[in-house]
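What follows is a set of notes on a single structure, which appears directly below.
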Amino acid sequence: MLPVIVVHGGAGHIPRERSEKSMSGVCYAARAGYSLLQGGASSMDAVVEAVIQMENDPHFNAGRGSVLNVKGDVEMDALVMDGKTLASGAVSAVRNIANPVQLARLVMDKTSHACLTAEGASKFARAVGIPEVSQESLITEYARMRWTKNLAPDANPVESQMGKMGTVGAVAVDREGNIACATSTGGMLNKMEGRVGDTPCIGSGGYADNQTGAVSTTGHGEAIMKVTLARLILFHMEQGQTVEAASDVGLAYMKSRVGGLGGVVTVDPQGGWGARFNS
């Protein structure tokens, strides 16, 4: 079948001065993933490659360019899931790693666990030969400026987060009909140390199942977790809804039930896809 990949670079309004670079970053990531698919690579290879490209791009809230926590440090989360076997891997609150999505895949491939966190994830990274990078190499001037601005007593980090580019992700179907998803984020602006959002949580930050489809989410993590947004959308697809209708229903439920805003990219096993948002 004709392979498909869909990527997102986060929910919310993109500031005008950053929109062009953000758009080209998403396009570059999509082309990188699709190039692998055209060569016969797996959907997992494709989504990981697309997300790595966005983690390396300082215009996104993932990898280099991640937002800072309340102490001014970077803590990142990532998830991958394979729709053929339902295997998954995730990392949360990781520091000093350039590409958390790569580490999440190694958790899936090399351990019997689904998620490693903080220092445990760092020890695993060292054990499998993932090089550490300095915190400074992940922090951009833009991230530092936003961090300083949101230390003000009257600042609203949730509102500010939704007004900027955020989490990145991808979903894909390969030539064999296998489906995968990957999601990566720096989390919420000025979050508490150790805060983990929806991204590394199976069913919230993403889900992939060859029988139904795949979803990668972005938006306000606490709201996404409350409704397990990725799995909720696939539930509606199981009930016969189209990719776009199911995505819209899931997002509408999250907004009406918990006031959450966000966006999703979704694919079905036939290669039908959607990119929907209510932010």
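For the chain, the calculated P(r) over all alpha carbon pairs, in 10 Å bins from 0 to the bin holding the longest distance, is 8, 34, 38, 18, 2, 0 percent. Here the dipole of the stretch 1-149 is about 180 debye; that uses its Cα centre as origin and unit charges on the Cβ of Lys and Arg (positive) and Asp and Glu (negative).
Note on the stretch 4-277: Lys pairs 8 or more places apart or on different chains, Cα atoms under 17 Å apart, count 8. Rg and Dmax, both from the Cα atoms of the stretch 186-255 and both in Å, are 12.5, 41.
What is the distance in Å between the Cα centroid of the stretch 174-216 and that of the stretch 238-261? Value for the Cα centre distance between the two parts: 16 Å.
Computed from backbone phi, the HN-Hα couplings of the stretch 260-267 come to x, 10, x, x, 9, 10, 9, 10 Hz, rounded to whole numbers (Karplus: 6.51 cos²θ - 1.76 cosθ + 1.60, θ = phi - 60°; Gly and Pro given as x).
Phi angles across the stretch 78-90 convert, under the Karplus curve 6.51 cos²θ - 1.76 cosθ + 1.60 with θ = phi - 60°, into 3J(HN,Hα) values of 7, 9, 10, 8, 9, x, 6, 10, 6, 5, 8, x, 8 Hz, Gly and Pro given as x.
Local charge for E244 was computed over the other residues whose Cβ lies under 15 Å away, with Lys and Arg +1 and Asp and Glu -1, and equals -1. Computed from label points 7 Å out along Cα-Cβ, the spacing between L151 and R18 is 1.9 nm.
By definition, a body whose alpha carbon gyration tensor gives a ≥ b ≥ c is oblate when a/c is 1.5 or more and a/b is not larger than b/c, and the stretch 86-233 fits this oblate description.
Peptides 86-93, 216-223 ranked from most to least packed give 216-223, 86-93, packing being the mean of other C-beta atoms within 10 angstrom over each peptide's residues. Estimated from helices alone, the mean residue ellipticity of the chain at 222 nm is -12000 deg cm²/dmol (sum of -39500 (n - 2.57) over DSSP H runs with n ≥ 4, per residue).
Remark on G262: its backbone amide H falls under 5 Å from those of N278, S279, a criterion applied only to residues 5 or more positions apart or on other chains, H modelled at 1.01 Å from N.
Membrane-span-like helices in the chain, defined here as complete DSSP H runs extending at least 20 Å along the helix axis by their C-alpha atoms with mean Kyte-Doolittle hydropathy no lower than 0.0, are 243-258; this is a sequence and geometry rule, not a statement about a membrane.
Throughout, read-outs are computed from the coordinates displayed, never taken from laboratory work. Because the structure is predicted, anything quoted here is derived from the model rather than measured. Using ideal geometry, Cβ is built from the backbone for each residue, glycine included, and neighbour counts are taken over all protein chains shown.
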